[in-house]
């Protein structure tokens with residue numbers, strides 16, 4: 001395989017994985033919407049977790 005073939009394969013794999021990565025982030029938002037009426041505190045915590053992930057904070061991210 002030459003370099004162009006390798007690049008094409010990597011791009012195709014990345015494009016196939018993209019919906020799964022984005023779906024994981026959207027899953028938190030959907031779950032927070034579902035829990036809004038039942039448990040507002042949990043919904044708020046899920047939204048806060050999503051904001052932290054968007055900012056690069058989290059278990060392995062910067063600590064305050």
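Read the figures in this text as sums done on the coordinates, not as results from a lab. Because the structure is a prediction, the values reported are computed rather than measured. With ideal geometry, Cβ positions are generated from the backbone for all residues, glycine too; neighbour counts draw on all protein chains shown.
For residue 21 and residue 39, compute 0.36 nm times the residue count separating them, minus their Cα-Cα distance, and round to one decimal in nm.
3.9 nm
Taking the Cβ of each residue in 47, 55 as the centre, tally the other Cβ atoms inside 10 Å and list the residues starting with the fewest.
Fewest-to-most Cβ neighbours within 10 Å comes out as 55, 47.
What distance in nm separates the two pseudo spin-label positions at residue 12 and residue 53, each 7 Å out from Cα along the beta-carbon direction?
So the two model labels end up 2.9 nm from each other.
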